[in-house]
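Data block below; observations after.
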C-alpha cells in the first residue's frame, strides 16, 4: 500500500510516545474498505485496543494480517456493529495477554466466516455478549478456548439466529463464572447443546439462559449446581421442542424470581419439580404459562408464603410462539397445603388459570390455600400431604 495522498482524510493510529513510525488509516467509500499505511515492518497494537473498529457500518473488507497483538489486553467492542463484514480472519492474532473480550463481535449480523481457532484466552475474564447478534453465522468453533478465568458469560452466544453448530471446548471450564444470563438465548436453529460437566457453582443468575431456543431437542442440566442462583426468570422459556427436563438436582433455595421460567415449553407432558425449594421466591408470574402440551405437573414441594405475584402462572395464551391456537391438555396438578397466597399483592392472581377452564370449576373443589379465598381449585388438583 502506498502512502495516502494529501487530499485523503486520515486518522493517526500510532502511539505518540512510544511509536517510531506514523500509522495512517483511512476509509475508502468506493471500495468500502479501511486502509492503513506505515513504513514500519509491522503494526504493534496498543494495550488498549478496545473499540478499534467500532461501528464501521459500511465496512465490507478488513485485512489485519500485519497486526502484532501480543501486548493487547483489551479487545472489547473491537468489531462491534461492523454489520456488513462477511468474513474475518484473526488467525494471526496473538492473544496471550488478552483480558477483555466484552462485545468483541457484537452485532456483526452479516458475518458467515470467523477464524478464531488460534486464540489463547487463558487470561480472559470477560466474554459478555462476545458473539451477540451474529445472526447469519451457522458455525462457531471455540474448541481451543481456555475459559478458566472468565467470570461473565452473559449473552455470550445470544441472538445467533442461524447457528447450527457450536463447538465448545472438551473441558468447558466455567468454575469462575457468576453470570450466565441469556447465554444461549434466541438461538433458533441450534438442535443440540452438550453442557456435560459444566461447573455452575458460582453462578448467581441464569435468567433466560436458554430462552427461545426453538429448535433445541435435548437439554441435560442434571449436573448443574444452582446453589447460588437467585434469578431463574425465563430460564427455559420458549424451549419448544424439549420433551423431557430433569431438574431433580436443582437447588433453588436462594432463587427469588421464577417468572416465566417454563413459559411456552410446548411439548413437555410431565413436569416434576418435587425438590424445588421456593421459600424465597417472590414472583411466579407466568411460570408455567403457555405450556400447551402439559398433562401432569408436580409442584408438591412448593411453599409459596413469600410469593407476591401469581399472575398467569398456569395460563395459556391465545396463540403459541408459532402463531397456532393453544389447547388445554392439563389433567393433574400435584400440590400441598403449603401452596398458599398469604403474601399475594392486589391483582396478583390475575389470569392465573387463563384458558384453563377445568382448573377453575368442578365438583370436589379444594381450598389449596387453606383460606377459602381465590384458590378454589377444580377437581383436577390433587392435594398431597
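What follows draws every value from the coordinates through simple rules; no lab data is involved. Here the structure is a predicted model, which means the values were calculated and not measured. Here the Cβ positions follow ideal geometry from the backbone for every residue, glycine too, while neighbour counts run over all protein chains shown.
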What whole-number distance in Å separates the alpha-carbon centres of region 140-209 and region 1-59?
34 Å
Restricting attention to the alpha-carbon atoms of region 176-240, what are Rg (one decimal) and Dmax (integer), both in Å?
11.2, 31
Reciprocal mean inverse distance between Cα atoms of the chain - Kirkwood radius, Å:
23.2 Å
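Exposure proxy check: 294, 247 ranked by fewest other beta carbons within 10 Å? Before the final figure, lay out the partial values.
Working: 294 25, 247 19.
Ranked by crowding around the Cβ, least crowded first: 247, 294.
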I'd like the FRET efficiency for residue 29 and residue 322, computed as 1/(1 + (r/R0)^6) with the beta carbon distance as r and R0 of 30 Å, rounded to 0.05.
0.10
Most exposed to least, judged by fewest other Cβ atoms within 10 Å, 94, 248 sort to 248, 94
Scoring the chain by relative contact order with C-alpha pairs under 8 Å, at least six apart, yields a percentage of 7 percent
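Could you line up 297, 88 from fewest to most neighbouring Cβ atoms inside 10 Å?
Ranking 297, 88 by Cβ neighbours within 10 Å, fewest first, gives 88, 297.
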Taking only Cα atoms and a 10 Å spring cutoff, compute GNM fluctuations for the chain and point out the largest among 134, 108, 344.
344
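What fraction of the DSSP beta bridges in the chain is antiparallel, stated in percent and rounded to the nearest 5? Write down the numbers at each step before the final one.
Values: 10 of 39 bridges.
So the antiparallel bridges amount to about 25 percent of the total.
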Among 243, 346, 252, whose mean-square fluctuation peaks in a Gaussian network model of the chain (Cα, cutoff 10 Å)?
346
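Starting from 0.36 nm per residue, how many nanometres of slack lie between residue 91 and residue 337 once their C-alpha separation is accounted for?
Details: separation 246, 0.36 × 246 = 88.56 nm, distance 6.08 nm.
The residue 91-residue 337 span can extend by a further 82.5 nm.
Tell me, what is the FRET efficiency for residue 346 and residue 175 to the nearest 0.05, using R0 = 41 angstrom and their Cβ-Cβ distance as r?
Working: r = 44 Å, r/R0 = 1.08.
Result of the calculation: an efficiency of 0.40.
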Paramagnetic reach from residue 122 in region 159-197 [backbone N under 18 Å; point 7 Å along Cα→Cβ]
169-176
Where the Cα pairs of region 1-41 fall when distances are cut into 5 Å bins, in %:
6, 23, 30, 23, 12, 5, 1
Multiply the residue separation of residue 138 and residue 228 by 0.36 nm, subtract the distance between their alpha-carbon atoms, and state the gained length in nm to one decimal.
29.1 nm
When only C-alpha pairs under 8 Å and at least 6 residues apart count, what is the relative contact order of region 109-231, in percent?
21 percent
Extension gain residue 39-residue 215, at 0.36 nm per residue separation less the Cα-Cα distance, in nm?
58.2 nm
What number, in percent, do you get for the relative contact order of region 1-41 if the mean sequence gap of Cα pairs under 8 Å and at least 6 apart is divided by its residue count?
36 percent
Using the alpha-carbon centroid of each, what span in Å lies between region 290-331 and region 332-357?
11 Å
